[in-house]
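A short write-up of the structure that comes next.
The values are calculated or read from the model by the stated rules, or taken from the named source; none is laboratory data. In this text, all values refer to a predicted model and were calculated from it rather than measured experimentally. Cβ placement follows ideal geometry from the backbone for every residue including glycine, while neighbour counts extend to all protein chains displayed.
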Amino acid sequence: MRARTYHDSDADLGVLTGRTVAVIGYGNQGCAQAQNLRDSGGRVVIGNRDDDCRDRAVRDGFEVLGIDEAARVGQIVLLLIPDEVQPGVVAGHVAPGLRAGDTVVVASGYNLAFGLLDLPGDIDVVMVAPRMIGAAVRDRYRRGVGYPCLVSVERDATGTALHTALAIARAIGATAGGAVASSAREEAALDLFTEQAIWPTVFAVLQASYEVLAAAGFSDDAILDEMYLSGEPAEVFARIAEMGLLDQLRVHSRTSQYGQLLHLERSAELVGTLRERFTEILRGEILSGRFAAQWSAVGADAESRIRALLDRAGTHPLIAAERTISAAPGSTGERVTPCRPVKDRA
Ligand code: NDP
């Protein structure tokens, strides 16, 4: 099933004329999107607490207001603060300043997908969600190249919400390469699925591989280099993005191609097992809202819960091997930058 893709020609920047865009938050996305909007001719104010990011916005030449005031003066309000603080900030500081016909723009579907934002019924609510880190959103805009982005209308109180969403998408550079029609539910589900199904499975594959290879008497240095410290898997993923899953096999040796394809065929049972497990994660945990409810309940305990999970994950021998290698004399730090001990991470 293909989705519709919006290009620059689908978006009219004139929709922004006479409207003030309030960018709430001047962090990764806020800093990049605000500058792109301004360079596209938008009238932009920043809403931020009296904090570090506020000073940066002032240095970048923006008018900076408190969050309440920015939400009051903006007709289009971009919520570019962390997802987990949005429900509280919206209820206390943004929603009171909104007027009928205003537009709230989110850059992530999570809070809308799980009904966590309490917004008045007479405003438009849209999603313009870059699949790109903030620094690259700015860099690509300056170079005139697009980046992947999902766009949706979640509530169309005015009948013109899509025009506003597309104008914002174009002004931040997201339609230059084509922005894909989506929904908050789809964006949030895909994000959570990648985090909860794909990456833990990749970690599990690496753990099992280490256990088998170490038991065969191979050295930690050789195993970890082969698995990821060399950076080769990152290169392979880059080729996959460029050439496709199967065509990139052509850049591997014939021995590698034969071995990979032979064992892919022998993995049908594993695919079946994963399909069942992933279906349970998608339907039972993510789409049901069970994970979102659990995560909301964690609330202020988030840091200590993550710390406990990290400590348990850190007991696997693969992590001990990483630490030994990164601590070894002569380690350049180049090959092993990912290996800071878990406990040292901020
Ligand atoms: P950041 O963590 O960079 O946001 C930092 C900004 O939020 C700062 O201005 C900070 O102000 C403000 N802030 C933090 N906590 C609070 C609070 N409790 N009350 C008020 N303001 C607060 O966020 P991102 O830019 O990473 O994410 C913003 C949105 O973009 C999210 O919805 C995210 O999912 C989405 N997104 C992020 C991407 C990314 O690459 N990071 C990619 C695509 C989408 P100060 O520190 O000055 O107090």
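Points worth noting:
- Residue in the range 174-191 that is under 30 Å from Pro317 (Cα atoms), at pLDDT 95 or above and not in a loop (DSSP other than H, G, I, E, B) present: yes
- Scanning the range 194-231 for residues that are outside any helix (DSSP H, G or I) and aliphatic (A, V, I, L, M) yields a count of 1.
- Thr194 vs. criteria modelled with pLDDT of 95 or more and under 15 Å from the mean Cα position of the chain (by Cα): yes
- The C-beta contact set for the range 78-97 (first residue at pLDDT below 95, second residue more than 9 Å from the ligand (Cβ to nearest atom), distance under 8 angstrom, 6+ apart or interchain) comprises Glu84/Ala302.
- Test result for Ile67, buried (at least 22 other Cβ atoms within 10 Å of the Cβ), farther than 30 Å from Asp301 by Cβ and in contact (Cβ under 8 Å) with a residue 24 or more places away in the chain: no
- For the range 1-46, a residue qualifies if it is assigned to a helix (DSSP H, G or I) and in contact with a strand residue (DSSP E or B) (Cβ under 8 Å, 6 or more places away or on another chain), and the qualifying residues are Leu16, Gln29, Gly30, Gln33, Ala34, Leu37, Arg38.
- Those residues of the range 120-138 which are farther than 20 Å from Gly41 by Cβ and of a type in the set (D, E, K, R), in sequence order: Asp122, Asp124, Arg131
- Test result for Tyr6, within 11 Å of the ligand (Cβ to nearest atom) and aromatic (Phe, Trp, Tyr): no
- Residues of the range 5-43 that are crowded, with 16+ Cβ neighbours inside 10 Å and small (Gly, Ala, Ser): Ala11, Ala22, Gly25, Gly30, Ala32, Ala34, Ser40, Gly42.
- Just one of the numbered conditions (1) on the phi > 0 side of the Ramachandran plot; (2) outside the structural domain of Pro87 (by TED's automatic domain parsing) is not true of Phe193: (1).
- Any pair with Cβ under 6 angstrom, 6 or more apart, that starts in the range 303-327 at a residue that is at pLDDT 95 or above and ends at one that is in a helix (DSSP H, G or I) and aliphatic (A, V, I, L, M): Arg305/Val298; Leu310/Val342; Gly314/Val342
- Candidate set from the range 62-84 (those that are outside any strand (DSSP E or B) and out of contact with any Gly (no Cβ under 9 Å at 6 or more places or on another chain)); member that is farthest from the ligand (Cβ to nearest atom): Phe62
Residues are listed down the side, and each one gets a yes or a no for (1) surrounded by 12 or more Cβ atoms within 10 Å (Cβ to Cβ); (2) outside any helix (DSSP H, G or I); (3) among the charged types (D, E, K, R):
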{"residue": "Gly272", "(1), (2), (3)": "no, no, no"}
{"residue": "Arg275", "(1), (2), (3)": "no, no, yes"}
{"residue": "Thr279", "(1), (2), (3)": "no, no, no"}
{"residue": "Phe291", "(1), (2), (3)": "yes, no, no"}
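- When Arg54, Arg59 are checked against the criterion of being within 11 Å of the ligand (Cβ to nearest atom), farther than 19 Å from Val125 by Cα and among the charged types (D, E, K, R), a single residue qualifies: Arg54.
- Restricting the range 116-167 to residues that are assigned to a strand (DSSP E or B) and of a type in the set (Gly, Ala, Ser), the residue that is farthest from the ligand (Cβ to nearest atom): Ser152
- Among the residues of the range 37-51, the ones that are touching a Leu at 6+ places or on another chain (Cβ under 9 Å) and within 8 Å of the ligand (Cβ to nearest atom) come to 1 in all.
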